[in-house]
1. Find all pairs meeting these conditions: Cβ atoms under 6 angstrom apart; at least six residues apart or on different chains; first residue within region 255-276 and over 13 Å from Ser241 (Cβ atoms); second residue assigned to a helix (DSSP H, G or I).
2. Does Ala260 satisfy the criteria of being in the same structural domain as Phe167 (by TED's automatic domain parsing), buried (at least 18 other Cβ atoms within 10 Å of the Cβ), at pLDDT 90 or above and not polar (S, T, N, Q)?
3. Exactly one condition in (1) under 19 Å from Arg110 (Cβ atoms); (2) not in a helix (DSSP H, G or I) is not met by Tyr157; state its number.
4. Here is a check on your reading of the model: is Thr240 polar (S, T, N, Q) and surrounded by fewer than 16 Cβ atoms within 10 Å (Cβ to Cβ)?
5. In this structure, is Glu142 in a helix (DSSP H, G or I), among the acidic types (Asp, Glu) and farther than 23 Å from Leu239 by Cα?
6. Quick check: anything in region 76-91 assigned to a helix (DSSP H, G or I), within 18 Å of the chain's Cα centre (by Cα), assigned by TED's automatic domain parsing to the domain that holds Pro230 and loosely packed, with under 13 Cβ neighbours inside 10 Å?
7. Find the residue count for region 201-222, including only residues that are surrounded by 13 or more Cβ atoms within 10 Å (Cβ to Cβ) and free of Cβ contacts under 8 Å to residues at least 12 places away in the same chain.
8. Pick from Leu223, Leu235, Leu205: which is part of a helix (DSSP H, G or I), in contact with a Leu (Cβ under 8 Å, 6 or more places away or on another chain) and in the same structural domain as Ala260 (by TED's automatic domain parsing)?
Amino acid sequence: MWHFHKSGAIRCAVGIGLHPLRLLILAVLYVQKKVEVLRPPRWLAPPFGSVKINADAALKFQLKVAGFGVVVRDCDGQDLFNVLGSTYSAILFFGIYNCSTVLPFVATERNVLYRERFAGMYSSWAYSFAQVLIEVPYLFTEAVIYVIITYPTIGYYWSAYKIFWSFYGMFCNLLYFNYLGMLVVSLTPNVQMAAIVTSSSYTMLNLFSGFIIPRPHIPKWWLWLYYICPTSWALNGMLTSQYGDIKKEISVFGETKTVATFLEDYFGFHHNFLGVVAVVLIVFPIVFASLFAYFIGKLNFQKR
């Protein structure tokens, strides 16, 4: 029999009366010590959902500081633009962040899908359904955090209807951005290519969101891009629900008009169109999630 001394030397245990269990423990500790020297412990990434929630909470707190004290009840046209700009920034920035962070995780899990599907463990539809459904609680929590932090500090109107629309618009915004990233991963062979495609799509989502170039100023031959751009519908719903029924007069561009009239004339947002906006907002995540489920099962980028 042998035992391992704390100095690392191996000595014979015959005749010294060591219990076999104690000898085994000493051997395990010795091997573990040598392994730690050869391969030092490394930091492991925390769960994906907690990263998103913590980072988004920090970003939304920064938005709160930037928008504190901006109250549209006592504002002029410039203050109104500040509030509208903060809403536009939140829609685009938080959406892009969620879309970018989901790419490497879905790309890694796709390799597991290939293995399990080949082994006959489960179908691609079961995997895609679980992948889509597991994102909902995290994104729901993020939308709640957004409303809790930004709504009272920016100075939106205190109404259950308007609070719900603020939550609903941001929730759908996070959903379709998240599922867009998953869809792009299912269409591309690796995460590097997916990052390139999503980066290109961010430009279109920004340009045709309806804020930089309002809908009445977009050329007619490019207007179809405005309607298929999900950010334009999210901006429409979140701004129109807040200010589409406000009859307070403001001075903007040298003219005096009500807030509701300004939204209709400048952005093309009509308050009586909110029902259609609500339906379209939930259709985008469903379409992106369905396409992801289809392509993740049909396309196979695994290298033999």
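1. Between residues of region 255-276 that are over 13 Å from Ser241 (Cβ atoms) and residues that are assigned to a helix (DSSP H, G or I), the close pairs are Gly268/Arg215; Gly268/Pro216.
2. Criteria not met by Ala260.
3. (1)
4. no
5. no
6. First pass over region 76-91, keeping only residues assigned to a helix (DSSP H, G or I): 77-91.
In the following step, the residues that additionally are within 18 Å of the chain's Cα centre (by Cα) were identified as 86-91.
Retained after the next criterion (residues that are assigned by TED's automatic domain parsing to the domain that holds Pro230): 86-91.
So of that shortlist, the ones also loosely packed, with under 13 Cβ neighbours inside 10 Å come out as none.
Looking for residues that are assigned to a helix (DSSP H, G or I), within 18 Å of the chain's Cα centre (by Cα), assigned by TED's automatic domain parsing to the domain that holds Pro230 and loosely packed, with under 13 Cβ neighbours inside 10 Å, one finds none in region 76-91, hence no.
7. Of the residues in that region, 3 qualify.
8. Answer to the selection: Leu205.
The values are calculated or read from the model by the stated rules, or taken from the named source; none is laboratory data. Worth saying up front: this structure is predicted, and the values here are computed from it rather than measured. So basically every Cβ, Gly included, is an ideal-geometry build from the backbone, and we count neighbours across all protein chains shown.
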